[in-house]
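Step one of this worksheet: look at the structure below.
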Amino acid sequence: MDKVVACETCGLVQEVDHVRQGFIAKCARCNFRVIHRRIDSRSRTLAFTLAAAVLYFPSNIYPLVTAEYQGQFVQTTVFQGIRALWHDGQYFISGLVFCTSMFTPALKILGLLFITLTMDWKSFQKTRAWMYKIIRIIDPWNMLEVFLLAIGVAVIEMGEVATIHPGRGVFSFAAVVVLTLMATLTFDPRLLWDSAEGKNYEQITNAAKSKN
């Protein structure tokens with residue numbers, strides 16, 4: 001079934017035939033790709049998401065950094081940092097760190113798991129599209145990368161006054177950052193509507209045959 005698409009580079013509106021998985025459709029004017037079907041998108045996204053889900057718990061349970069300052073030895077986890085900010089009266093910052101470092105990554109992981117695991121269930125098609133829209137909205141607020149960078153800057157700045165070592169959780173934390181990013185990049189959103197398009201194509205074909 002033909003599709004009408006607009007090229008993101010030159011804006012040319014054109015009809016494109018059904019693009020199978022692993023193939024690319026290019027613009028007739030600028031030769032820029034207008035449709036790109038990623039190979040094994042569902043399985044790759046599911047694999048990255050499952051790995052991120054497994055590592056999400058140790059990244060929040062184990063300490064991110066261990067510090068020795070004036071004879072005192074301190075280990076800090078993400079939740080301990082959030083709680084310390086809350087007790088210090090920094091309610092807005094505490095809530096912001098909680099949402100961007102714990103809540104939105106968990107919601108993104110659960111959303112991707114729901115989408116990939118229920119892909120064969122036609123009854124959840126609109127729910128999957130709704131969930132994908134939520135993931136796209138919260139994705140810019142998924143500040144794991146920025147939080148990890150802040151930890152690195154703090155380690156560098158405190159190196160002269162305290163002894164800082166990465167904790168066991170920092171490696172899981174970094175892995176979750178990479179895995180959630182890879183899960184988003186490998187997911188092909190056209191999979192959300194493949195079953196519906198195939199069903200509509202069959203209905204149109206059967207109606208044309210019945211008229212003949």
So, in the range 167-187, of the ones that are small (Gly, Ala, Ser) and modelled with pLDDT of 85 or more, which residue ends up nearest to residue 72 (Cα to Cα)?
172
One residue is enough: does the range 97-109 have a residue meeting the conditions at pLDDT 85 or above and of a type in the set (Val, Ile, Thr)?
yes
Return a yes/no flag: does the range 24-46 have any residue that is without any contact (Cβ under 8 Å) to a residue 60 or more places away in the chain, in a helix (DSSP H, G or I) and among the aliphatic types (A, V, I, L, M).
no
Please verify whether the range 53-74 includes one or more residues that are modelled with pLDDT of 80 or more, closer than 22 Å to residue 192 by Cβ and in contact with a helix residue (DSSP H, G or I) (Cβ under 6 Å, 6 or more places away or on another chain).
yes
Does the range 155-166 contain any residue that is open to solvent by 50 Å² or more (accessible area, probe 1.4 Å), over 19 Å from residue 59 (Cα atoms), in a helix (DSSP H, G or I) and modelled with pLDDT under 80?
yes
Among the residues of the range 48-78, the number that are in a strand (DSSP E or B) and of a type in the set (Gly, Ala, Ser) is 1
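The values are calculated or read from the model by the stated rules, or taken from the named source; none is laboratory data. The model shown is predicted, which means the values in this text are computed figures rather than measured ones. When we count neighbours, we look across all protein chains shown, and the Cβ atoms used for this are built from the backbone with ideal geometry, even at glycine. Protein only, heavy atoms only, side chains kept; ligands, DNA and RNA dropped before computing areas. Shrake-Rupley method; radii C 1.70, N 1.55, O 1.52, S 1.80 Å.
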